[in-house]
Structures are given as structure tokens and as C-alpha cells.
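One structure is given below, encoded as C-alpha cells.
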Amino acid sequence: MTVLKRPEFISKLAFIWKPLIFLSLGFNLKASLDTAALATTRDARMEMIADEVTAFGEK
């Protein structure tokens, strides 16, 4: 039985592309997490402002 071996250029392509794919996935995940953190911070800030306005109106 003969063992089929991958051509050398395919091995080199896999060596180059696999890390790039994982890096791009990592950057996309970080960007989505940053966006979620910004949205949460914005919501908390809006709630704080609303509380201050309410407290100011009660005086």
C-alpha cells in the first residue's frame, strides 16, 4: 500500500494560513467583546444620568 504524501507547497500554505485564520477569529472575538463592553458602559452611564435627573427633580 502506498502512502500519499501532501505536496510541499500545500504543507507550507497550511503552515501560513492556519495561524492567520485563528488570529482573525481572535480579533473578531475581541472586537465583539469590546463592542458589548461599550454598550454596557453606555447603558450604565445613561442609567446614572437618569438617576441624577430624577434626584435633581425631587429636590
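Nothing in this text is a laboratory measurement; each read-out follows from the coordinates by a stated rule. Note that the structure is a prediction, hence the values are computed from the model and not measured.
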- Query: If you plug each phi of the stretch 42-47 into the Karplus form 6.51 cos²θ - 1.76 cosθ + 1.60 with θ = phi - 60°, what whole-Hz ³J(HN,Hα) values come out, in order, with x for Gly and Pro?
  - Reply: 5, 5, 5, 5, 4, 5
- Which whole-Hz couplings ³J(HN,Hα) result when phi for each residue of the stretch 16-29 is put into the Karplus expression 6.51 cos²θ - 1.76 cosθ + 1.60, θ = phi - 60°, listed in order with x for Gly and Pro? 7, 7, 4, x, 5, 5, 5, 5, 5, 5, x, 5, 5, 5
- Message: Taking volume of the Cα convex hull per residue in Å³ straight from the coordinates, which label in [x] 57; [y] 83; [z] 112 is the correct one?
- Response: [x]
